Amino acid sequence: GQNIDQPTEMTATEGAIVQINCTYQTSGFNGLFWYQQHAGEAPTFLSYNVLDGLEEKGRFSSFLSRSKGYSYLLLKELQMKDSASYLCAVSQDASGGSYIPTFGRGTSLIVHP
Amino acid sequence: ETGVTQTPRHLVMGMTNKKSLKCEQHLGHNAMYWYKQSAKKPLELMFVYNFKEQTENNSVPSRFSPECPNSSHLFLHLHTLQPEDSALYLCASSQETGTGTEAFFGQGTRLTVV
């Protein structure tokens, strides 16, 4: 089984930088995803990390340390539209050679002016 | 629009009713998933189909019955549900159930059991 932990809620100011952490304990680790979900909408893919290090994609970056079971999502130059829930999901070895993402509870980010 | 369409968007049903949720994807993916999203809880995986074969059943009660007639369509048949089954049911698809394949989610069906 696995345990995925991320903060329930964070607040930040428009234009600032915010870091959302995710820690996990799992067997058969095969990568970590971050998704964004606006209220009433579908989750949308942000990033995937399978090797240690930082992956940068525009204003969003994601970091992974496999030895520490730790990841973070970094959001720069925050905009009001970044207010959403951010879901950390760990891909683990399931059965028959398949890899299934299992999600954390999500972090609700509130960006205020 | 993610390429994954779910119908209906909202559903209210009594505990004795039978209803079905539908999911359709036009992305050419081979894997499809049902997730349950309840307030204050993580997304819970329910079922996984890969190339039309069910590969995962995450200890879901038998009142939920999935069906995957082809790689593009996935159904969730519901009968004799309980009020605690009220939740957002999300369908997703991915190229396959392999490493690093991102999932594309539908908008979900908001289910209320009365």
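The values are calculated or read from the model by the stated rules, or taken from the named source; none is laboratory data. The shown structure was predicted, so the numbers you read here are calculated from the model rather than taken from an experiment. Positions of Cβ are backbone-derived with ideal geometry, glycine not excepted, and every protein chain shown enters the neighbour counts. In case anyone asks, the SASA skips ligands and DNA or RNA and just uses the protein heavy atoms, side chains included. Shrake-Rupley method; radii C 1.70, N 1.55, O 1.52, S 1.80 Å.
For this structure, a couple of remarks:
- Divide the volume of the convex hull around the Cα atoms of the protein assembly as shown by the residue count and you get 117 Å³ per residue.
- Taken about its Cα centre, the protein assembly as shown carries a charge dipole of roughly 480 debye when the Cβ of each Lys and Arg holds +1 and the Cβ of each Asp and Glu holds -1.
- Loop GluC sites (Glu not before Pro), the stretch A:4-113, which have at most 12 other Cβ atoms in a 10 Å radius of their Cβ (DSSP): A:E77
- More than 18 Å apart - percent of Cα-Cα pairs taken over the stretch A:1-51: 47
- Highest-fluctuation residue, A:S62, A:S47, A:S98 considered, GNM on chain A with Cα pairs under 10 Å: A:S98
- Applying the criteria of a DSSP loop state and at most 15 other Cβ atoms within 10 Å to the GluC sites (Glu not before Pro) of the stretch B:11-114 yields B:E96.
- Shown here for the stretch A:49-113: trypsin sites (Lys or Arg not before Pro) in loop regions (DSSP other than H, G, I, E, B) with at most 16 other Cβ atoms within 10 Å, namely A:R59, A:R66, A:K68, A:K76.
- Cross-link partners of B:K52 among aspartates and glutamates (Cα-Cα below 16 Å; sequence separation of 8 or more within a chain): B:E24, B:E67, B:E96
- Lysines whose Cα lies under 19 Å from that of A:K76, excluding same-chain neighbours fewer than 8 positions away: A:K57
- Averaged per residue, the protein assembly as shown has 47 square angstrom of accessible surface, using a 1.4 angstrom probe with ligands and nucleic acids left out.
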